[in-house]
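Quick notes on the structure that follows.
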Amino acid sequence: MSYTAIYSQTVGTATATVEFTSIPDTYRDLVLVCSPIQSTGSQTVNIRFNSDANTNYREVIMFGDGTTTTSQLAAARSSVLGQATANASTDRINLAFQIFDYAQTDKHKSVIVRSSSVSSGSLVNASVNRWANTAAITSITCTGFGNYAVGSTFALYGILA
Amino acid sequence: MPLGLGFFAAAGAATSAAEDFELIQTTALSSAISSIEFASIPQTYKHLQIRCVVRTSSGTSSSSIFLRLNSVTSAVYANHNLTGNGTSVTSTAATAVANIHCGFTAGNAANASAFGPAVVDIIDYTSTTKRKTVRSLAGANVLDNAMQVDFRSGINAANDAISTITMFPPSGLTFSTGSRFSLYGLRG
């Protein structure tokens, strides 16, 4: 299958971290689709590769809030930010992280993020990110603010090339 | 909560029908080339998607990716874009141009290991009753202070089914070693 579901999880007990490990290197791209639910405070999905928590992530983002468009860049982040934020337990946000050539060791890793939220402070976002590391990605760690509530979903897909 | 290999199978993995999203062709460059072409595209899908990571020989940090349909080189395309450069968001349009602009990618002045990603969708490519819309989401995140994210759309001026797609950088440039272009068909 060219587009294959690799891992899928629906959170059954509130948790601060969702992690995908031992990611097979048999695909070319990965797609991580998330629909987190707020447990306490705001919620989003930020991802790190291979547990790298150093400031090795670069981002340029473009978003609109229904009134204004904004673009920002960050030269040194400690994760790829999902940007969309759920501010209440009834808010629903969706994020898709597209990770290109994740197992190739000849280039830094490129990530396109699309996210949106319908809540107070609703945003539609797109960003392009670069993890400044040529290592193959073998794990992805998802964290946000506080815990992901029961019912939050995370699905990882592999695309052959 | 780590999910190790095997979790998906234990959870009762969902499987799709046979190849609703199917790889048609991949070109991964082991040497520089001035253009890539997807030819003799099967007419058995509903839509097409191109996924690529690209770098060009441009002397600047970012560089364009262009696309043509069915080898049409005349000025019959139109483009629109919504672009964020880290400071502001701009939108422009162009009509009667000789290509579809898919976005910006890494040039040769970018960080040595930086490539630019792009996802390009071509809707209803086999239709003979409508013009073809090309939609792309791309970006160049190539230096710590030089980055761009692009939403773009393009349209051609003919109703012909698409059998050939050509992608190329600006005139005189090449796509660099390590660039990769993959074409997928989506059934519908």
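The values are calculated or read from the model by the stated rules, or taken from the named source; none is laboratory data. These numbers come from a predicted model, not from an experiment. Cβ coordinates were reconstructed from backbone atoms using ideal geometry, including for glycine residues, and neighbour counts include every protein chain displayed. Ligands, DNA and RNA are stripped out before the accessible areas are found, and what is left, the full protein with its side chains, is counted by its heavy atoms. Shrake-Rupley method; radii C 1.70, N 1.55, O 1.52, S 1.80 Å.
Residues in the range A:11-39 that are among the hydroxyl-bearing types (S, T, Y) and more than 9 Å from every other protein chain (Cβ to nearest Cβ): A:T26, A:Y27, A:S35, A:S39. Here A:R58 clears all of (1) of a type outside the set (S, T, N, Q); (2) farther than 27 Å from B:L23 by Cβ; (3) away from chain B (no Cβ under 12 Å) except the condition numbered (3).
When residues in the range B:120-153 are screened for being assigned to a strand (DSSP E or B) and over 12 Å from the mean Cα position of the chain (by Cα), 10 of them pass. No other residue among A:T68, A:T4 is among the hydroxyl-bearing types (S, T, Y), more than 7 Å from every other protein chain (Cβ to nearest Cβ) and open to solvent by 50 Å² or more (accessible area, probe 1.4 Å) apart from A:T68. Scanning the range A:109-118 for residues that are open to solvent by 20 Å² or more (accessible area, probe 1.4 Å) and either at the interface with another protein chain (Cβ under 10 Å from one of its Cβ atoms) or assigned to a loop (DSSP other than H, G, I, E, B) (or both) yields one hit, A:R114. Candidates A:T105, A:T134, A:T143, A:T138: the one that is within 8 Å of chain B (Cβ to nearest Cβ), open to solvent by 40 Å² or more (accessible area, probe 1.4 Å), within 24 Å of A:T55 (Cβ to Cβ) and not aromatic (F, W, Y) is A:T134.
Within the range B:68-98, restricting attention to residues that are open to solvent by 30 Å² or more (accessible area, probe 1.4 Å) and touching a residue at least 60 places away in the same chain (Cβ under 8 Å), the residue that is farthest from the other protein chains (Cβ to nearest Cβ) is B:V76.
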